[in-house]
1. Restricting attention to segment 469-487, which residues are more than 22 Å from N579 (Cβ to Cβ) and among the charged types (D, E, K, R)?
2. Residue check: is I497 under 30 Å from S320 (Cβ atoms) and either of a type in the set (V, I, T) or in contact with a His (Cβ under 7 Å, 6 or more places away or on another chain) (or both)?
3. Filter segment 681-739 down to the residues that are among the hydroxyl-bearing types (S, T, Y) and touching a helix residue (DSSP H, G or I) at 6+ places or on another chain (Cβ under 9 Å), then identify the one that is farthest from M652 (Cα to Cα).
4. Considering only segment 579-598, state which residues are surrounded by 23 or more Cβ atoms within 10 Å (Cβ to Cβ) and either more than 16 Å from the chain's Cα centre (by Cα) or farther than 23 Å from K509 by Cα (or both).
5. Right, N456: under 21 Å from L404 (Cβ atoms) and surrounded by fewer than 21 Cβ atoms within 10 Å (Cβ to Cβ) or not?
6. Based on what the data block shows, is A140 in contact with a helix residue (DSSP H, G or I) (Cβ under 9 Å, 6 or more places away or on another chain), surrounded by fewer than 17 Cβ atoms within 10 Å (Cβ to Cβ) and not assigned by the TED database to the domain that holds C754?
7. Closer than 25 Å to A140 by Cα and at pLDDT below 90 - does that describe any residue in segment 771-784?
8. If you go through segment 587-602 one residue at a time, do you hit one that is at positive phi, in contact with an Asp or Glu (Cβ under 7 Å, 6 or more places away or on another chain) and touching a residue at least 40 places away in the same chain (Cβ under 8 Å)?
Amino acid sequence: MGSQSSLNFSYTYSLFKSCHFIFLGAKADLFTGALPNSYSPPAGFCFDILCDDPPIMDDPDLKDYNVEERVAEFIKIAENQAKSYATNHIVMTMGNDFNYQNAATWFKNLDKLIKHVNEKQSNGSRVNVFYSTPSCYLQALNQANQTWTAKYDDFMPYASDPHAYWTGYFTSRPSLKGYERVGNNKLQVCKQLTARTDIEEITLDFLKKAMGIMQHHDAITGTAKQHVTNDYYETLAAAIESCHDIVNEAYEKLLPKTKSTAPLKQYFCNHLNISECPITETNAPIAINIYNPLAWNVTKYIRIPVSGKAYKVIDYNGNSVDAQVVPLPSPVYKIPGRNSKAQAEIVFEAKLPALGYATYLMRNTTSQSVKYKQASGIKQKTDGDWILNNKFLSVYVDSKSGLLRQLQLADGTNLTVNQSFYWYRGMNGDNSNFDKRASGAYIFRPNGTEPIPLGNNVTVNFVNGSVVQEIHQTFNPWLSQVIRLYKDSENIEFRWIIGPIPIDDQVGKEIITRFDTDLKSDGLFYTDSNGREILLRKRDYRPTWKLNVTEPVSGNYFPVNSRIYIRDKKRNLQLTVLNDRSQGGSSIKDGSVELMIHRRLLHDDAFGVGEALNETGVDGRGLVITGSNFLILSNMTKAASKHRPLAQQLFMQPQLSFASYNSSEKDYFKSFNVFSPGIKPTLPPNVHLLTLEPWKRGTILIRLEHIYEFDEDDTLSRPVDVSLKGLFKEFNVVSIEETTLSANQYLEEAKRLCWKIKGAKDVCDDSTAQGYRKDRSLDDLIVHIGPMEIRTFIAQVTY
């Protein structure tokens with residue numbers, strides 16, 4: 001349930017008998033609602049040691065006797081609260097963060113309150129109070145025979161007063177948000193390898209628990225205190241190391257061709273994001289094992305820090321692959337905490353099997369394969385533009401401004417597009433009233449509607465090569481970016497380094513990347529919901545009530561977990577921007593897309609953190625972060641077939657490990673398995689293997705997800721059948737039993753509550769209420785899956 005205080009204030013004020021409703025879904029309806037006080041007690045009735053509300057004094061001999069007035073106040077609150085709910089059942093939450101440190105104080109006062117409130121029924125009071133649970137409350141509402149309002153839109157963005165839009169936490173603590181993605185990526189790899197190799201799964205629990213902690217509503221949101229955030233980092237880092245132990249154990253089984261072959265210890269480079277990897281910087285021969293956690297074959301461009309000038313890379317077939325040594329941008333050297341002698345990265349294209357690994361061998365050579373010059377030394381082309389191009393598109397960067405100015409597709413389609421960085425001035429304030437609300441960890445409140453540009457004096461370096469072309473941009477001493485176009489890629493990568501954000505002027509700053517185009521988007525843009533369905537957004541508008549625009553920027557910010565896009569329907573063009581972590585984003589002007597990527601603020605927003613969002617980083621000067629956004633330009637018809645698979649590839653990235661070897665390449669291939677798909681054939685392109693996880697002994701949890709929406713693509717939006725018979729390499733699926741999404745009930749045993757919905761028909765027949773119809777095709781291990789559907793199974797397997 002949500003909270004009235006954190007739902008949009010203008011909507012909340014219009015609520016009457018509407019605080020519970022039904023979200024309508026394709027296969028199931030979700031009953032939900034808004035709690036009256038978040039999960040806090042009503043005003044004046046907190047009985048914790050952290051509170052100073054008066055206790056219930058029911059002894060008439062006491063000087064502080066107050067039971068009559070306290071009971072009267074409680075009954076008044078209950079009657080007022082009931083006005084916003086449709087039945088005679090309401091919930092009074094009693095507790096809060098850090099409460100019940102002295103539970104006896106709570107229950108002593110609650111016992112008195114229940115007793116004396118209920119005594120008033122003899123005088124005509126209609127209020128009856130008793131201890132309850134969420135499940136009992138839900139059952140009472142369900143049995144009330146009420147017809148409920150349907151809701152189709154979400155509540156984003158929340159606001160609790162005219163200047164308190166809860167849109168800052170969409171970006172707060174971007175480093176932690178990025179690290180959480182790394183943790184999930186590692187967890188899925190280790191689940192899969194544990195399931196594939198039937199190794200002991202107890203080690204997996206460490207990362208499971210750490211990732212569970214990361215989902216706390218003050219962890220992934222970035223709204224915890226700094227010392228708590230530090231603990232999140234440490235907990236996750238330790239758990240990731242336990243996952244690395246699993247990878248080593250799995251490769252001990254998968255890599256050697258014979259039992260007599262000694263396995264090679266795998267090393268992991270946790271700082272590849274800042275181009276640091278000790279084992280690859282030694283110039284010794286290295287075996288690079290690249291595991292692909294997706295159930296499709298994937299082509300991935302691999303970047304590895306090196307200290308030499310030229311390298312030879314051999315693929316799993318023994319063939320040399322095109323490898324390019326790319327010099328690092330100079331701002332990389334200045335990243336605090338970086339401990340590396342690497343001055344370049346080796347870049348090559350890796351072809352990876354579905355749910356499996358491929359090994360590439362790398363050794364130092366004497367030849368060189370890179371062209372690198374200052375931009376001023378490159379011959380001017382086409383009206384003074386620097387041009388990155390491949391067979392799919394051309395990227396034009398203006399040589400005078402140093403900024404992106406145009407994209408051109410292979411079919412000749414042109415789009416004017418400028419990309420640069422800007423910053424909003426964070427609002428200062430003491431939060432004493434609405435108009436003095438400060439921008440903070442929760443709240444995004446800019447001081448002004450126009451962001452300040454950071455791209456006034458950009459210097460540019462150009463890198464040209466056979467694998468990747470790059471523009472290295474330096475905006476100022478704390479902001480730089482690389483624009484990358486790989487040889488066979490249909491997307492453009494924008495790789496940025498930001499920080500430390502300066503605060504010498506005592507001004508908090510909120511940094512955005514913005515793409516300005518000549519697309520006619522008509523105030524519309526689209527954001528994802530948890531990486532799955534795409535939601536239409538309209539600037540300065542809410543679907544179910546009239547919006548009073550009090551914050552024209554932050555009131556139009558939405559969570560962007562994987563992508564945001566705009567469309568020009570007349571030109572049949574769509575510009576999609578994807579991210580590598582959750583961010584806040586919007587389209588504040590037509591043809592424009594912006595994402596907030598970093599924040600550093602000097603005032604608390606008074607919503608519970610108790611300190612400013614001022615991350616000082618490893619050196620105390622300010623947090624430096626690295627990250628990427630990816631841009632796709634395409635026609636609207638084919639857009640989903642491009643951004644859907646890319647989003648999955650960014651979320652489930654290949655995992656690299658490294659091992660030193662002393663033999664020849666030929667001898668290495670004789671000793672080790674260098675190409676190992678985990679499934680054959682691959683899954684259809686519209687079906688994602690969401691989960692492959694060891695369950696109880698002899699069973700594995702499998703989730704299959706259709707990643708396309710209905711009518712999103714002419715072909716890929718269609719339902720599809722997946723056969724699990726003989727699909728996996730190391731084990732056979734003997735039988736499957738379908739469960740609920742959370743895998744805590746067999747689907748045939750699950751019974752959903754039935755709800756009456758205004759304006760909806762036939763939502764309460766037996767099949768909906770029971771939620772299950774036997775799928776006979778499962779007996780043959782065939783799973784039929786439709787658009788946006790997730791199906792969950794416990795599979796009996798034999799190895």
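1. Scanning segment 469-487 gives a single hit, K487.
2. Spelling it out, it is not the case that I497 is under 30 Å from S320 (Cβ atoms) and either of a type in the set (V, I, T) or in contact with a His (Cβ under 7 Å, 6 or more places away or on another chain) (or both).
3. So the residue we want is S735.
4. Answer for segment 579-598, where residues must be surrounded by 23 or more Cβ atoms within 10 Å (Cβ to Cβ) and either more than 16 Å from the chain's Cα centre (by Cα) or farther than 23 Å from K509 by Cα (or both): S586, S587, V593, E594.
5. Working: under 21 Å from L404 (Cβ atoms): yes; surrounded by fewer than 21 Cβ atoms within 10 Å (Cβ to Cβ): yes.
Answer is yes for this residue.
6. On the way: in contact with a helix residue (DSSP H, G or I) (Cβ under 9 Å, 6 or more places away or on another chain): no; surrounded by fewer than 17 Cβ atoms within 10 Å (Cβ to Cβ): yes; not assigned by the TED database to the domain that holds C754: yes.
Taking the combined requirement at face value, the residue does not satisfy it.
7. yes
8. Checking segment 587-602: at least one residue is at positive phi, in contact with an Asp or Glu (Cβ under 7 Å, 6 or more places away or on another chain) and touching a residue at least 40 places away in the same chain (Cβ under 8 Å).
The values are calculated or read from the model by the stated rules, or taken from the named source; none is laboratory data. Everything numeric in this text was worked out from a predicted model, so none of it was measured. Neighbour counts are summed over all protein chains in view; Cβ atoms, including those assigned to glycine, are modelled from backbone coordinates with ideal geometry.
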